[in-house]
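The values are calculated or read from the model by the stated rules, or taken from the named source; none is laboratory data. Keep in mind that this is a model prediction, so the values were computed, not measured. All Cβ positions, even for glycine, are placed from backbone atoms using ideal geometry, and neighbour counts span all protein chains on display. Just so you know, the surface numbers come from the protein's heavy atoms only, side chains and all, with ligands and any DNA or RNA stripped out. Shrake-Rupley method; radii C 1.70, N 1.55, O 1.52, S 1.80 Å.
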Amino acid sequence: MKVFIVYCHPSEDSFTSCVRDAFISGLKDAGHEYIVSDLYKMDFKTDMTEAEYLRDTYYRNTPAPADDVLAEQAKINASDVIVFIYPVFWSEAPAKLVGWFDRVWTYGFAYGEKTMKTLEKGLILCSAGNPRERLEEFGILDSMKKVMLGDRLFGRVKQAEFVVFDNTSREYELREKNWEQHLKTAYEKGKNLLTHP
Ligand SMILES: Cc1cc2nc3c(=O)[nH]c(=O)nc-3n(C[C@H](O)[C@H](O)[C@H](O)COP(=O)(O)O)c2cc1C
């Protein structure tokens, strides 16, 4: 399988970077190919221009998307699986990843007369500082899942999976305690890519 990883974390001094590395180890051990868009390292531009806004909101195919957007779309259409790896920031993906969707999921590619390939799988691996119970208490976990799976990936992947690694805040001792188990899970998600839970 050809796997496209959209990675979004501002620092290598992070648990999330270890999730990325463990997942990639699993992919390699299973013989999958992969490419990574590291959105902060690429300094991916995430603010829409007015022209981009008008193009999408008027459901127009013109003007052509910008080169950086076309490059991301080409990576998607050359892949079988898309994977998003990021930390939860204020109960959402980081603004940089949200902006990636704003610009890359264009009219004529991700909606309208779609040219986006229907991928075999969409996988989300996100790390959350809070414990799962806290994320569930106000329906935050559910809302994050709904936005990613029910909106951004819906109709664009054949199979979708959302994995959250909780308790990863430096505030909690469980960060260290769960570290190995979480990374084992990330590795296995790469190794057994298409296995549904
Ligand atoms: C600006 C910011 C906002 C955050 N918001 C949340 C949040 O809403 N919910 C949560 O569970 N964790 C939140 N966190 C914690 C991150 O998800 C944290 O990065 C996570 O524990 C992953 O660890 P890592 O940064 O070492 O990869 C936030 C962190 C930052 C820096």
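Descriptive notes on the structure:
- Segment 146-162 residues near the modelled Thr118 label - backbone nitrogen below 16 Å, point 7 Å along Cα→Cβ: 153-160
- Taking every protein chain into account, the accessible area of segment 2-191 amounts to 50 square angstrom per residue (probe 1.4 Å).
- The length gained on full extension between Asp21 and Asp151, counted as 0.36 nm times the residue separation minus their Cα-Cα distance, comes to 44.1 nm.
- Fraction of accessible area attributable to carbon and sulfur, segment 2-191 (%, probe 1.4 Å): 51 percent
- Computed over segment 2-191, the P(r) curve from all C-alpha pair distances, binned at 10 Å from the origin, holds 9, 36, 37, 15, 3, 0 percent per bin.
- Cβ crowding within 10 Å averaged over residues, with 66-74, 99-107 ranked highest first: 99-107, 66-74
- Summary of packing: across the peptides 17-27, 36-46, the per-residue average of other C-beta atoms within 10 Å ranks them, highest first, as 17-27, 36-46.
- Rounded to whole Hz, the Karplus (6.51, -1.76, 1.60) HN-Hα couplings of segment 126-132, x for glycine and proline: 10, 9, 10, x, 7, x, 3
- Amide H contacts of Ala160 (H built 1.01 Å from N, under 5 Å, at least 5 apart or other chain): Gly122
- Think of segment 91-155 as a dipole: +1 on every Lys or Arg Cβ, -1 on every Asp or Glu Cβ, centred on the Cα centre; then among Leu125, Leu97, Thr115, Thr115 lies furthest on the positive end.
- Relative contact order (percent, whole number), the chain, Cα cutoff 8 Å, 6+ residue spacing: 30 percent
- Extension gain (nm, one decimal) between Lys45 and Asn192, 0.36 nm per residue minus Cα-Cα: 49.6 nm
- Between segment 1-23 and segment 157-197, the Cα center-to-center distance that results, in Å: 12 Å
- Summed over qualifying helices (DSSP H, 4 residues or more, each -39500 (n - 2.57)) and divided by its residue number, the chain shows a 222 nm mean residue ellipticity of -11000 deg cm²/dmol.
- Top positive-direction residue, dipole computed over segment 2-191 with Cβ charges, set Ile140, Met48, Val163: Val163
- Near the amide H of Phe84, within less than 5 Å, lie the amide hydrogens of Val6, Leu123, Ile124, Leu125, all on another chain or at least 5 residues away, with H placed in the peptide plane.
- Shape of segment 1-82, Cα gyration tensor, a/c cut at 1.5: oblate
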